[in-house]
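The values are calculated or read from the model by the stated rules, or taken from the named source; none is laboratory data. Keep in mind the model is a prediction, meaning the values are calculated, not measured. Cβ sites come from the backbone with ideal geometry, for glycine too, and all protein chains shown count toward neighbours. For the accessible areas, the whole protein counts, side chains as well, though only heavy atoms, and no ligand, DNA or RNA atoms are used. Shrake-Rupley method; radii C 1.70, N 1.55, O 1.52, S 1.80 Å.
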Amino acid sequence: MREPFTYPNSAEQFKRAAKVIPSGVYGHLGPAEGCFIPVEAFPLFSSRAEGSYFWDIDGHRFIDYMCAYGPNILGYNDLDIEEAAAKQREKGDCTTSPSTVMIDFAELLVDTVASADWAFFAKNGNDVTTLAVMTARAYTHRKKIVFFKGYYHGVGAWTQKIDYAGVIEEDVHNNIYVEWNDIDAIEQVFAENKGEIAAVIAQPYMHGNFKDNELPGAGYWKRLRKMCTDNSTVLIVDDVRAGFRLDLAGSDHYFGFEADLICFCKAIANGYNVSALCGKDFLKNTVSSMSYTGSYWLSAVPFAAGIACIEKMKKLDCPKILIDKGTKLKKELIRAGAEYGFNLKVSGVPSLFYLRIANDDSLMLHQEWVAECVRRGVFFTNHHNHFINAALTDADIAETVDIAREAFSIVRDKNPE
């Protein structure tokens, strides 16, 4: 049995942080959001990262299945990406006039992404999902947006719910919510709001939190694509989380259709801060007409990193590698759970998978198991999907399964009933 980790240095640094930073560590990277249960099982600060690992400030190494919540796709500190970024940094980064590396990056995205005729760059996923919705409204001169329940499209007020702090009724007044995979419900929404729907925005498959991930049903995307076309409604795919883990040509391409607008971030530059909205030619002038920019959006180093990242992903056939690794891990984790009487559900595409112990609807057993894995060096979280990166080795997978098996044993012993 491995000695479980403790985190005295993390606890001490969190006390410092809480005095000067709201929540200490805010958002999904910290303990306040609800995915670190119990909080004391999780490290709160890292010291360094390499390949498929990060080390916390107490010196513990973790096999990382959160990958910085998505940006790490090739491995932390990948030498090819770091070399490209360093060369560009020597020339210049955030300058008064942008570098032509921006054009190089846009051309590469247009050549790579099946539905892209152009690319517009920003910094965060929220930047480009917001621009996508604004573009749809500007182009159609309509207000209403269709969402699928369980979605996450960023932190803008338009993406929130009426009972969220700081959100007012006007922010979400034109939002329409339907169940994922219910094509009849979408048809009804179009019928009831004829000529009023600016856009449908969706993840390529339902990879929300706190629930099993759900792939699109047979013919689902084809029918939805036709409905949007027939109703002059813009179809937006939020590929911020899944982008490049399913298909380098875009997750819409993976599922056999083309979006009008597609949003990328996270894995686009292996951790360098850049996002991109790509779209069809008929929407290009609309984007040009809008006042939408940011202080660091045209910085050159992330563009150079993005070029190196996409070129390397193409060379490796990265999505295949990630799906193959994820499939192997999935099979072994399910087998390990069954040995100890646990029904571990692994849902979603294997390169972007969701875990849930299905023996207990309260999720308490699942949270216990995740905590025991983390305390022994495998970084999962409780209610978020997980990410595979290309640096993950067979030895890492074997170690993960050994730790998972030990964690299953501990949870079974604590819960013999």
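Which value, in debye to the nearest 20, describes the size of the charge dipole of the range 166-242 about its Cα centre when Lys and Arg Cβ atoms bear +1, Asp and Glu Cβ atoms bear -1, and nothing else is charged?
That gives the range 166-242 a dipole magnitude of about 420 debye.
Can you compute the FRET efficiency between Lys194 and Lys149 using 1/(1 + (r/R0)^6), with r the Cβ-Cβ distance and R0 = 25 Å? Round to the nearest 0.05.
For Lys194 and Lys149, the calculated efficiency is 0.65.
Any chance you could run the full-extension gain for His28 through Asn285? It's 0.36 nm times the residue separation minus the Cα-Cα distance, nm to one decimal.
Residue separation times 0.36 nm, minus the Cα-Cα distance, leaves 88.9 nm.
Hey, any idea what % of the chain's accessible area is carbon plus sulfur with a 1.4 Å probe?
That fraction is 52 percent.
Spelling out what I want: for every residue of the range 341-357, take phi, set θ = phi - 60°, compute 6.51 cos²θ - 1.76 cosθ + 1.60 (Karplus), and round to whole Hz; glycine and proline get x.
Running phi through 6.51 cos²θ - 1.76 cosθ + 1.60 with θ = phi - 60° gives x, 9, 9, 8, 8, 10, 10, x, 5, x, 7, 8, 9, 10, 10, 7, 6 Hz.
Mind checking the alpha-carbon convex hull of the range 96-195 and giving the volume per residue in Å³?
157
Counting only heavy atoms of the protein chains, get the accessible area per residue of the range 292-370 (1.4 Å probe) and round it to a whole Å² value.
42
Arg335 to Asp402: extension gain in nm, 0.36 nm per residue of separation minus the Cα-Cα distance?
Gain in length upon complete extension: 23.0 nm.
Among DSSP beta bridges lying fully in the chain, give the percent that are antiparallel, nearest 5.
Approximately 60 percent, going by the DSSP bridge assignments.
Per the helix-only calculation at 222 nm, which mean residue ellipticity applies to the chain, given -39500 (n - 2.57) for every DSSP H run of n ≥ 4 and division by its residues, nearest 500 deg cm²/dmol?
-12000 deg cm²/dmol
Got a sec? Charge dipole of the chain, +1 on Cβ for Lys and Arg, -1 for Asp and Glu; which of His207, Phe36, Ser288 is way out at the positive end?
Toward the positive end, the furthest listed residue is Ser288.
Rolling a 1.4 angstrom probe over the protein heavy atoms, how many square angstrom per residue are accessible across the range 83-239?
With the other protein chains kept in place, the range 83-239 gives 48 Å² per residue.
Where the centroid of each part is defined by its Cα atoms, how far is the range 165-214 from the range 351-417 in Å?
32
Could you list, in their original order, any pairs among Lys19/Lys414; Lys266/Lys331; Lys143/Lys345; Lys87/Lys312; Lys284/Lys325 whose Cα atoms are separated by more than 28 Å?
In this structure, Lys19/Lys414; Lys143/Lys345; Lys284/Lys325 exceed 28 Å between Cα atoms.
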